[in-house]
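The values are calculated or read from the model by the stated rules, or taken from the named source; none is laboratory data. Since the model is a prediction, treat every value here as computed from it, not as a measurement. Cβ placement follows ideal geometry from the backbone for every residue including glycine, while neighbour counts extend to all protein chains displayed.
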Amino acid sequence: MKLSIGIVGLPNVGKSTLFNVLTKQQVLAANYPFATIDPNVGVVPVPDERVDRLAEMSKSAKKIPAVVEFYDIAGLVKGANKGEGLGNQFLTHIRETQAICMVLRVFSSSDIIHVEGSVNPLRDLEIIETELALKDLETVEKRLSKILRDARTGNKEAVEEKNMLEKIYALLERGRFLSHDPEFISLIRANKRIVEQLNLLTAKARIFLLNGEEKDVSEELGVAIKERGGSYVIADLFERELEETGVPELIRKAYETLGLISFFTTGEDETRAWTIQHGWKAPQAAGVIHTDFEEKFIRAEAVSYDDFVLCGGWSGARERGKLRVEGKEYEMRDGDIIVVRHG
């Protein structure tokens, strides 16, 4: 499991600058056979000093951090959903991502022309939301047209899906951004499978990167983001501060927004960080290491990162009673270091 984020925004708001900074930090693709690198995908290590410390303690030959894939798409303009500009052909690239990072320009500059003629992040936010919603309407409409025939025959599953799609369509028509809509959340609970198969853009969690300085962020914009259930990072994309503080903060916000945590494996061969959903049980976490481990899971030997460091490693943790044996119902915690025992 890895975190993937699609970067969206209007032209000339700093998207390319953000992506270029991210790309400079990307990890060697050779370490990640699952990652296909192309010009608009950056694979970025998750900043986590715990990986370095564990690798040092275990004298690991390799250390492998958790990673985030950032997908960059062409700047959206009004009408992108209908093919205006280049936005439409790239919107499909972010369908598989878990979250969307909306880049909004808040700084003023006469040197950098704004596609809409003036700097107004609230207006820009509404343009982006509208384009994503219109693309989702198109997706739902296509699916509806395919399912109607089966629904007319009385097929129970088809009728259920048709009713669900019609409700989602109505929400999108009313301009709802689905990820923070209580009605949509209820629909997900009713039938998660149908909703997840659609991969709707407006159903994805959102984080906001505001390009500028704190003084450029209006109270009105802050309130609008909060109302949308979002959180934001402020970074001047033309300053080095993005590399030093902006990227780690952006990734931290993404983990927080998506409810993700990290656990570790460590030894002489390698120290590695793994990303899982908060609330996952030990067998699910084991399955991230290797698919067979979930099915053949027997138990996990676990110790918290703090205890591991305090005790000086595995043997010290065992001697001081800090090593725990956890079964199938154990809920993983952020910072757990584990050894999986399996059949």
Can you tell me which residue among 171, 148, 178, 165 is surrounded by 17 or more Cβ atoms within 10 Å (Cβ to Cβ), over 16 Å from residue 196 (Cα atoms) and of a type in the set (A, V, I, L, M)? 171
Within the stretch 181-196, how many residues are surrounded by fewer than 11 Cβ atoms within 10 Å (Cβ to Cβ) and either touching a residue at least 12 places away in the same chain (Cβ under 8 Å) or under 18 Å from residue 95 (Cα atoms) (or both)? 2
Could you figure out which of (1) assigned to a strand (DSSP E or B); (2) in contact with a Leu (Cβ under 9 Å, 6 or more places away or on another chain) isn't true of residue 340? (2)
Of all residues being among the hydrophobic types (A, V, I, L, M, F, W, C) and surrounded by fewer than 21 Cβ atoms within 10 Å (Cβ to Cβ) in the stretch 206-222, which is farthest from residue 18 (Cα to Cα)? Just the residue, please. 221
Please verify whether residue 279 is outside any strand (DSSP E or B), of a type in the set (Gly, Ala, Ser) and touching a residue at least 12 places away in the same chain (Cβ under 8 Å), treating the condition exactly as stated. yes
So for the stretch 309-317 (the condition being under 26 Å from the mean Cα position of the chain (by Cα), under 30 Å from residue 257 (Cα atoms) and surrounded by 17 or more Cβ atoms within 10 Å (Cβ to Cβ)), does at least one residue qualify? no
Among the candidates 122, 165, 134, 172, single out the residue that is within 22 Å of residue 94 (Cα to Cα), within 24 Å of the chain's Cα centre (by Cα), part of a helix (DSSP H, G or I) and modelled with pLDDT of 90 or more. 172
Of the listed residues (120, 155), the one being farther than 14 Å from residue 9 by Cβ and of a type outside the set (Phe, Trp, Tyr) is 155
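Residues checked against (1) at pLDDT 90 or above; (2) more than 24 Å from residue 12 (Cα to Cα):
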site: 189; (1), (2): no, yes
site: 192; (1), (2): no, yes
site: 235; (1), (2): no, no
site: 250; (1), (2): no, no
site: 267; (1), (2): yes, yes
Of the residues in the stretch 180-212, those that are of a type in the set (Phe, Trp, Tyr) and in the same structural domain as residue 96 (by TED's automatic domain parsing) come to 208
Tally, over the stretch 284-325, of residues that are charged (D, E, K, R) and part of a helix (DSSP H, G or I): 7
